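Have a look at the structure below, then the notes.
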Amino acid sequence: MAAAGTLAGLVAWPAQGRARTARWPVAALTGGSTADASFLKGIGPGHDAISLDQDWQGLESQLDRLAGYRLVGLLDPGRHTVVEAMLQARNARLLSLGSHQDGRHRISTAPAAHGVGAALAHGLARAGFEHQVAEAGLGPVAGSFTGVADLAAGDWAGLMGEALGRIAAGNWVPGEPRQLRRAGRPNSHSNDSLVSFVVQL
Amino acid sequence: MSNATILPQGVSKADFDKAIAEFKAIVGADWVWTDPEHILQYTKIMIPADEARHTPSGALAPASVEEIQRILAVCNKYKVPVWTVSTGRNFGYGSASPATRGQMVMDLKRMNKIIEVDPDLCYALVEPGVTYKQLYDYIQEHNLPVWLSMPLPSAIAGPVGNTLDRGVGYTPYGEHFLFSCGMEVVMANGEILRTGMGGMPNSNTWQVFKWGYGPYLDGIFTQSNYGVVTKLGFWLMPKPPVYKPFGVQFDSEADIVKIIDAIRPLRIANIIPSAVWVSHGLWDVAVMSKRSEVYGKPGRMPDDVAEEIIRKQGFGIWNVFAALYGTPEQVEVNWKMIEATFKSLGGKILVEEEVGNDICFQYRKSMFSGTPTLREFGMYNWRGGGGSQWFAPVAQARGSETLKQMKMTRAVLDEYGIDYTAVFIVGWRDMHHVVDLLYDRTNPVEMKNAHDCYAKLVKQFAAEGYGIYRTSIAFMDQVADTFGPVKKEINRKIKRALDPNGILAPGKSGIFN
C-alpha cells in the first residue's frame, strides 16, 4: 500500500470502542525512564504493572506467570535487547515494535497493530509537536504508513501508551484511521531513546 | 493455504503453500509460522540496512535432527531456502534475519539439550538452542569444577551459534572455534556427518581428539552454509584454584603503542593466558552513560572532548583488562612479571583487593571468568535509537598497527559523524580492532551514514591489506570480495557440490551456488 503523506481523514475513536471490554489481560513493563508515567497513564487502568530493575532472574519468573497475557513495554534499547531475547525464547508473538528518539518514531507493526504510526503522528500534529513517524507494516492488510510533519517530542509516550494499550487489550481496529485522545501537554517529557513493544505471551 | 505474503525467490505461492503444509506435518502446525506476528521478531535488526531486504517468508522450529532431515527434503523438493539460527543473537551482525529476503528462518531454539558435560575430561556436547546461561546454570547446579568462556552478549547467546560464527570469549579458552571438538552436521541431502572421531561407531573420543583422520572438515561449517550443525562439542576450562583479574589504566592515547608491544611477548609466552582487552576510554564511558548526558553536539565527538569526559568519569584513556588463572605459585610468578611490566610503562594497576567493588571492574571480572553479565548492553543506550554495526578488522599484535588503524578509522568516522567507541582485543599473535558503529536507526540520515561509513571502512582497510574477521548480513558479499576471487569461487564450488539446490542459507558469508 502506498505511503500516506497526509493525516486527513482521521476520525475520533468511538466511545463504544474505548469502553469495549478488554479481550486480553494486559501487563505493562517499564524500565525507569522519565516517560514511564505518561506511557502507563496512556495505557489506562486495569493492567498489571512491572518495573524492571536489573533483576533479570525475577523478570524470568514474572514472564512465566504472564502466559496468556499481552505485554506492553517501554524500555531503553539496552534492556530491551535482553527482554526481547527472553520473549523470543517464549515464542511470544510480536504485534508492534517501535524505536523512539528525539521526536522520531520508527514503528514496525503486524496487522493487528496497523495504523499506530498514523494515530501517533496525528496526535502529535494536533498538539503542535515536532515529530517524524514512520510505520512499516508487515502483513497483507495495511502495507506501510509514513507520516512526516514539519512541526518537540511531545507526549508521544502517552499517545503510544494509549495506542499500544488498546492493541494489547484487543480494542484496536487495525489499519483504520483513529484519533488518539491524549494530545495534551505531556505529564512528563522525555527525549530518552526508548523502545516500545506489544507482545502476546 | 499459508497466509504468507513474502515468498522465497523463484518459488511460486502454490509451491510455497505445499512446502508449508509439509513443514507443518513434520514439526506440527504450532511450530511453523508465516503470520506477521511471528515473522516480525525475525526482522528486528540493529545493522544499517532496510529490514525489507532481510524479511523472511516464514519461520519454523524443529525439535530434532530427524525433523531437520525431513525439512531439508521438503526444501529440496520445492527449492525453499532456509536460514538457520541457533539462538539468533547475532547483535550488530544481523541478529536472526536472513541475508536475503524470503528465506525461511529455521530456528533451532527447541533443540536445547545439554547432552553431556564431562567434568574429568572437561568438555561439553550441546545442541544449538542451548544458551550460555542454561549451561552456566547447569554447571552451577551440578557443582562441576569447570568454567565457560562466553562472548559479551553472554547469558542470552549460545555456544553453537557463537562458535560457528567464530566469535570469541575472554578466558584462556576464548578462541571458541579453536576449543571446539567434534560436530554433528545435517547435510543438505539429509545425510548426517559427524566430524573428527565422531564417524566411528562406538568411539568415545569424539570430544577429546579434534582431528580424526583425513582432511579436517570442521572449519568449512563455520561462517558458511554447507550444513546444519546440530551438535557441537567443546572444551571447558578447569576451574582454577586462583583467579586474579586485573586492570591497568593509561592516561595518554599515544601509550597504546607501548601497551600492545608489552602485551605481545606476555601473551605469546602464555604468561597472560587470556585475550587481553584494551578499550579506549570512550568505550567504557559509552557502557556506563548516555551520550546526551555528556555531550550534546552531532558529529564524531572530538578527541579532546572525549578525553576530558573519560578522565572525569575515572577511566583511563586506555583500559587494559586481563586475568591470571592457576595455582597460587603460578599466579604469583606471572603476576610479578606482569606488574613489573606495566609499572615500568607508567600504568595504574587495578586489582580486586583495591577496587573490587567498582562496577566496571566487576563486570570485566565476570567476562574473564565466563560468568554471565549483561552490563555491556548499556552501550546500546549511548546513541540510542537501536543502531549497532560491528567493524572488526584484524591486525598483527604490534603497537605500530594500532595508530595506523586508529587514524584510518577516525578519518572515516569523521566523515560520517560516528563516535570512536573501540577496543583492541589481543590474541596470541593478532588483534581484533573492534569498533562499534553506534547510530540512531530512527534517523534515516544516520542510518545511511552508518551504512556508507561501514562500506567505506571495509574498502579502505582492504586496500591496506586488513581483512574483517566477521561481518553482518548486509555486507557479506562485500567482505567476501576482499578475500579474493579464487577463495570466493572455491567456496562456491564447495557449495554446489554439497548443496546443489542452494537451499541452505544462500548469501551467508557471500556464498551462493
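Nothing in this text is a laboratory measurement; each read-out follows from the coordinates by a stated rule. Computed from a predicted structure; not experimentally measured. As a convention, Cβ positions derive from the backbone with ideal geometry for all residues, glycine included, and neighbour counts pool all protein chains shown.
Remarks
- Anisotropy class of the stretch B:341-407 from Cα gyration tensor, a/c 1.5 cut: oblate
- Per residue convex hull volume, Cα atoms of the stretch B:4-50, in Å³: 95
- By the rule of a C-alpha distance below 18 Å, with chain neighbours fewer than 8 residues away ignored, the lysines paired with residue B:343 are B:244, B:258.
- With the largest listed first and rounded to whole Å, the semi-axes of the equivalent ellipsoid of the protein assembly as shown from the Cα gyration tensor are 40, 33, 24.
- Farthest positive-ward along the protein assembly as shown dipole, Cα basis, beta-carbon charges - from B:91, A:120, B:363: A:120
- Partner aspartates and glutamates whose Cα lies under 18 Å from the Cα of residue B:113, excluding those fewer than 8 positions away in the same chain, are identified as B:66, B:67, B:127, B:137, B:141, B:184.
- Selected from B:31, B:20, B:78, residue furthest toward positive end of dipole (the stretch B:1-154; charges at beta carbon): B:78
- Degrees separating the helix B:444-463 axis from the principal Cα axis of chain B, which is the longest one: 80
- Residue exposure proxy: B:42, B:93, ordered by other Cβ atoms within 10 angstrom of their Cβ from fewest to most, comes out as B:93, B:42.
- Anisotropy class of the stretch B:372-444 from Cα gyration tensor, a/c 1.5 cut: oblate
- Contact order relative to length of the stretch B:441-513, as percent, for alpha carbon pairs under 8 angstrom and 6 or more apart: 27
- This model, with +1 at the C-beta of Lys and Arg and -1 at the C-beta of Asp and Glu, gives the protein assembly as shown a dipole about its Cα centre of some 1380 debye.
- Footprinting exposure proxy for B:141, A:84, A:135 (fewest neighbouring C-beta atoms within 10 Å first): B:141, A:84, A:135
- For residue B:146, the amide hydrogen comes within under 5 Å of the amide hydrogens of B:239, counting only partners 5 or more places away or on other chains and with H modelled in the peptide plane.
- Each helix, a run of at least 4 DSSP H residues, gives -39500 (n - 2.57); summed and divided by the residues of chain B, these come to -10000 deg cm²/dmol at 222 nm.
- Gyration tensor (alpha-carbon) shape descriptor, the stretch B:15-134, a/c threshold 1.5: oblate
- Note on B:379, B:104, B:200: ascending count of other Cβ atoms within 10 Å places them as B:200, B:379, B:104, the fewest first.
- Mean Cα-pair separation over length for the stretch B:102-253, i.e. relative contact order, pairs under 8 Å, 6 or more apart, %: 24
- Excluding same-chain neighbours fewer than eight residues apart, the lysines reachable from residue B:456 by a Cα-Cα span under 23 Å are B:404, B:407, B:448, B:487, B:488, B:508.
- Rel. contact order, % - alpha carbon contacts under 8 angstrom, at least six apart, chain B: 17
- Pairs spanning more than 22 Å between alpha-carbon atoms, out of B:459/B:495; B:24/B:79; B:133/B:348: B:459/B:495; B:133/B:348.
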